[in-house]
Amino acid sequence: MQAEVRAESNKPETKRKFDVIIIGAGPAGYTAAIYTSRAKRETLVISGNLPGGQLMLTTDVENYPGFAEGIFGPELMIAMRKQAERIGTTIIDDEVVNVDFRHRPFKILTYSEEYEADAVIIATGASPRKIGVKGEQEFSAKGVSYCATCDGPFFKNQDLVVAGGGDSAMEEAIFLTKFAKSVHVVHRRDKLRASKIMQDRAFENNKIQFHWNSVIDEIKGNQKVNQITINNLKTNQKETLEAGGVFVAIGHDPNTKLFKGQIELDDQGYIILKNSTKTSVEGVFAAGDVHDHLYRQAVTAAGFGCMAAIDVDKYLSENKK
Ligand code: NAP
């Protein structure tokens, strides 16, 4: 799909050069767009293959401020998109296949078009790793979750399973004990990767039970998850756990493949920020989970989007010819 604008003659023409191009259309991308468009910067959002981002895959969102009764994830993202469009953002549902940040204006190539921008905000997010077992996709948002902070409160008094042995898994397991009857941590080795302090907290919590050297084999249910089969890798014994939910916490992969070699990334692929939202390339900024592996919340991503937009506006004022 191409971005179209009306020329003076009223004939549609393809616009390819923007003040700012935002790559990614989750809370960070849309918020950045709302701010840059309100600052009268011509803004293009290229949404990628999941317009709306991770919230399109969730159901109720209860922790985004402003919605007393909560809001459906996709509904929130559609509202953000409409808000950005109303303020003047151009949004195209296309995927970026290459970028060239060596010279300004920066070049961004999608499947169907090449665009140019004086500034870029990368808001491509991070994707939770999947365990890749039967039932995982089928019961996604029906008991399978990748965010305990987001979904934990919907699982009051239930038995739950957490997959993983890192800090996220321990944090999620501990958080879930506030609501759950019990939490089974399923970890593929006999040692946790998590920091000592998180391990200690998890071991001290009597609602948490560990299943060592084990992996989830299958997630079963009817309308929702109700059973998890786990497999002990040492003994090859299978065990069935009656549980209402599975929280997968085996890490995230930042969506930064496109930028490798062009901007500085850390050893896990997250964008390294220099000063506020600036990346290692002047004029290229980043916002949201693509650099933030700590908070990963819709509201923090939106906050970073706002910060990046303000930084871009200042940058353009100082640098635009
Ligand atoms: P992580 O440290 O990479 O841990 C991922 C865990 O998932 C590991 O235990 C790993 O097992 C397991 N795993 C990976 N792939 C798997 C698979 N296919 N099947 C089963 N298990 C699998 O990721 P994270 O816990 O999300 O943490 C990411 C970073 O954020 C870390 O640097 C962490 O310290 C930091 N963090 C810090 C805090 C905090 O300080 N409160 C909270 C959250 C995250 P193995 O151990 O066998 O590799």
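The values are calculated or read from the model by the stated rules, or taken from the named source; none is laboratory data. In this text the structure is predicted, and so the values were computed from the model without any measurement. All Cβ positions, even for glycine, are placed from backbone atoms using ideal geometry, and neighbour counts span all protein chains on display. Surface accessibility is based on the protein's heavy atoms, side chains included, excluding ligands, DNA and RNA. Shrake-Rupley method; radii C 1.70, N 1.55, O 1.52, S 1.80 Å.
Brief remarks on what is shown
- Residues located in region 133-148, provided they are of a type outside the set (Gly, Ala, Ser) and surrounded by 15 or more Cβ atoms within 10 Å (Cβ to Cβ): VAL133, GLU136, PHE139, LYS142, VAL144, TYR146, CYS147
- Enumeration of residues in region 138-167 that are over 12 Å from VAL246 (Cα atoms), away from the ligand (no atom under 11 Å from the Cβ) and part of a loop (DSSP other than H, G, I, E, B): GLU138, LYS156, ASN157
- Unmet requirement for VAL186, which otherwise passes all of (1) over 24 Å from ALA28 (Cα atoms); (2) touching a Leu at 6+ places or on another chain (Cβ under 8 Å); (3) open to solvent by less than 20 Å² (accessible area, probe 1.4 Å): (2)
- Of the residues making up region 214-221, at least one is closer than 25 Å to ALA126 by Cβ, touching a residue at least 40 places away in the same chain (Cβ under 8 Å) and open to solvent by 20 Å² or more (accessible area, probe 1.4 Å).
- Scan of region 276-288 for residues that are under 17 Å from GLY303 (Cβ atoms) and open to solvent by 30 Å² or more (accessible area, probe 1.4 Å), ordered by number: SER276, LYS278
- Taking the criterion of being open to solvent by 10 Å² or more (accessible area, probe 1.4 Å) and not hydroxyl-bearing (Ser, Thr, Tyr), the residues of region 149-163 that qualify are CYS150, ASP151, PRO153, PHE154, PHE155, LYS156, ASN157, GLN158, ASP159.
- Test for PRO153: is it touching a residue at least 24 places away in the same chain (Cβ under 8 Å) and in contact with a Phe, Trp or Tyr (Cβ under 7 Å, 6 or more places away or on another chain): yes
To keep it simple, each residue is scored yes or no on (1) touching a helix residue (DSSP H, G or I) at 6+ places or on another chain (Cβ under 7 Å); (2) free of Cβ contacts under 8 Å to residues at least 24 places away in the same chain; (3) closer than 19 Å to GLY132 by Cβ.
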{"residue": "THR235", "(1), (2), (3)": "no, yes, no"}
{"residue": "VAL246", "(1), (2), (3)": "no, no, yes"}
{"residue": "HIS252", "(1), (2), (3)": "no, no, yes"}
{"residue": "LEU258", "(1), (2), (3)": "no, no, no"}
{"residue": "GLY261", "(1), (2), (3)": "no, yes, no"}
{"residue": "LEU273", "(1), (2), (3)": "no, yes, no"}
{"residue": "LYS278", "(1), (2), (3)": "yes, no, no"}
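- When residues in region 27-38 are screened for being open to solvent by 10 Å² or more (accessible area, probe 1.4 Å) and not hydroxyl-bearing (Ser, Thr, Tyr), 3 of them pass.
- Residue selected from region 289-318 under the condition charged (D, E, K, R) and out of contact with any Ser or Thr (no Cβ under 9 Å at 6 or more places or on another chain), by the criterion surrounded by the fewest Cβ atoms within 10 Å (Cβ to Cβ): GLU318
- For LYS260: the one exception among (1) under 30 Å from VAL97 (Cα atoms); (2) assigned by TED's automatic domain parsing to the domain that holds VAL183: (2)
- Complete set of residues in region 90-125 that are free of Cβ contacts under 8 Å to residues at least 60 places away in the same chain and closer than 17 Å to GLY288 by Cβ: none
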